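Report on the structure given below.
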Amino acid sequence: MDRIGRKSMIIIIGPLCLAGWILVFCSKSMLSLIIVRILHGSAVGVAFTITPIYAAEIAEPKIRGTLTGIAQISWYLGTTYAFSIGPFLSYDMFAWACLPLPVIITIMGIFIPESPYYLLMTKRDKEAKDVLKYFRNGEIRKEFYDMQKAVAEQMSTKGSWKALFCDKVERKAFIIVQVVSMAKCLTGMSVILNYASDIFSKSGSFLTAEKMSILLAFFLAVIAVFAAFMSDWIGRKPLLLVSCFGCFVAHFLIGGYYYIHEKTTVDASNYSWCLYIGMAMYCFFSDVGLGPLMQTLQAEIFGANTRGIACGITQGFQGVFSLVAIRMYNTVNQHFGVYLNFWFYSLVALVCGLILSSLMYETAGKTIGQMREKEHV
């Protein structure tokens, strides 16, 4: 994205998804499905790396959290769409239903302007000023000057692995983002979305597992809408801490229900409220902090010279954390019980919350330059 631009990378997302769905129609072999996973996984990796950065670089500081949080809303809306039609369509019909979306994304991407930050990084100041005017209604002179100054200072040191880990400010930012990434992935959201039907089938709910999965995804999407507006109002640090400690309590309740259900002779239906309240709490607390703010932080907390490298590494770590959580779920479930998974998620949320309470600094309402100046003091 530092070589060919933010816009070009955003446009790539659609063709990657489209190629995957076309391959689904052409072949059903194991190799083809593995390639489809690689294509779609690459598209998701690009999307979660590039779009928050693009949103942060075009947004005014006072609405940056809201704008970057929209990515999380879109993610849950897409999940709701897939959960809602998946159980009721054939394999090929499901692919047909998903096929138009990457086409629409590609067409829309062609018409978006390039990021003013990238244009300044490539010495195209006039184009950057024109783009900033496009995104603003009022006077831009001071904001453009501050942006020029911040980019010049951050680009004075070449972006590299060394700059990311040897510079005190960048290193602290990197540690904070990785702790948030760990909290987001290892508190079980990827597992719950991937194994929603399996988890709810063990719960003895009055609704079918498929309907519970749809309800879960819809609930997450609704909460994400409200959460997107909260980070600029309340602040990043308070929301992250509330999110971590809230997830700790929620998973403790869920794990307690499954322990009674799996390991005791007590009638678990009398304690089903633990499952429903715990799951609702987890959806709420993960959505007000860890979900949307992961994208916001990785887009705003790094300098212009390290943002691309840092966000790429972060997405790599997120993939590893999600893979560990997903692979661990079945193994722990088979040998110990599903309850232990949720108590592990509870422990992770508690530990990450304690770490962030001492490391995290507030970034809401500040430009990237202001954040770095504060940390140097």
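Among the numbered conditions (1) touching a residue at least 12 places away in the same chain (Cβ under 8 Å); (2) closer than 26 Å to Asp130 by Cβ; (3) in a helix (DSSP H, G or I), the only one that Ser8 does not meet is (1). Of all residues in the range 77-126, those being open to solvent by less than 40 Å² (accessible area, probe 1.4 Å) and in contact with a Gly (Cβ under 8 Å, 6 or more places away or on another chain) number 6. Considering the conditions (1) β-branched (Val, Ile, Thr); (2) surrounded by 15 or more Cβ atoms within 10 Å (Cβ to Cβ); (3) farther than 26 Å from Ala150 by Cβ, Thr49 is excluded by exactly one of them, (3).
When you go through Ile277, Ile313 one by one, which is the residue that is farther than 21 Å from Met9 by Cβ and open to solvent by 10 Å² or more (accessible area, probe 1.4 Å)?
On the way: Ile313 fails: farther than 21 Å from Met9 by Cβ.
After applying the criteria, what remains is Ile277.
Taking the condition surrounded by fewer than 24 Cβ atoms within 10 Å (Cβ to Cβ) and in contact (Cβ under 8 Å) with a residue 40 or more places away in the chain, does Tyr259 pass? Show your work before the answer.
On the way: surrounded by fewer than 24 Cβ atoms within 10 Å (Cβ to Cβ): yes; in contact (Cβ under 8 Å) with a residue 40 or more places away in the chain: yes.
For Tyr259, the condition - surrounded by fewer than 24 Cβ atoms within 10 Å (Cβ to Cβ) and in contact (Cβ under 8 Å) with a residue 40 or more places away in the chain - is met.
Among Lys184, Lys162, which is basic (Lys, Arg), modelled with pLDDT of 80 or more and either open to solvent by less than 20 Å² (accessible area, probe 1.4 Å) or part of a helix (DSSP H, G or I) (or both)?
On the way: Lys162 fails: modelled with pLDDT of 80 or more.
Answer to the selection: Lys184.
Lys168 satisfies every condition listed in (1) farther than 30 Å from Ala268 by Cα; (2) modelled with pLDDT under 80 except (2). Of the residues examined, Phe321 is not one that is crowded, with 19+ Cβ neighbours inside 10 Å, in a helix (DSSP H, G or I) and in contact with a His (Cβ under 8 Å, 6 or more places away or on another chain). Of all residues in the range 127-144, exactly one satisfies the criterion of being part of a loop (DSSP other than H, G, I, E, B), surrounded by 10 or more Cβ atoms within 10 Å (Cβ to Cβ) and among the charged types (D, E, K, R), namely Arg136.
Determine if the range 27-48 includes at least one residue that is modelled with pLDDT under 85, of a type in the set (A, V, I, L, M, F, W, C) and either under 24 Å from Val222 (Cα atoms) or out of contact with any Cys (no Cβ under 9 Å at 6 or more places or on another chain) (or both). Yes, because at least one residue in the range 27-48 is modelled with pLDDT under 85, of a type in the set (A, V, I, L, M, F, W, C) and either under 24 Å from Val222 (Cα atoms) or out of contact with any Cys (no Cβ under 9 Å at 6 or more places or on another chain) (or both). Yes or no: Leu241 of a type in the set (A, V, I, L, M), in contact with a Ser or Thr (Cβ under 8 Å, 6 or more places away or on another chain) and open to solvent by less than 10 Å² (accessible area, probe 1.4 Å)? Against the criterion (of a type in the set (A, V, I, L, M), in contact with a Ser or Thr (Cβ under 8 Å, 6 or more places away or on another chain) and open to solvent by less than 10 Å² (accessible area, probe 1.4 Å)), Leu241 does not qualify.
Contact map, the range 92-116: residues that are within 24 Å of Ala55 (Cα to Cα) paired with residues that are open to solvent by 50 Å² or more (accessible area, probe 1.4 Å) and of a type in the set (Phe, Trp, Tyr), Cβ distance under 7 Å, separation 6+ or inter-chain. Pairs shown: Pro113/Tyr134.
Applying the criterion of being among the polar types (S, T, N, Q) and part of a helix (DSSP H, G or I) to the residues of the range 239-294, the residue that is modelled with the lowest pLDDT is Ser269.
The values are calculated or read from the model by the stated rules, or taken from the named source; none is laboratory data. Every value quoted in this text rests on a predicted model; they were computed, and no experiment measured them. Glycine gets a Cβ as well: all are built from the backbone with ideal geometry, and neighbour counts include every protein chain shown. Ligands, DNA and RNA are stripped out before the accessible areas are found, and what is left, the full protein with its side chains, is counted by its heavy atoms. Shrake-Rupley method; radii C 1.70, N 1.55, O 1.52, S 1.80 Å.
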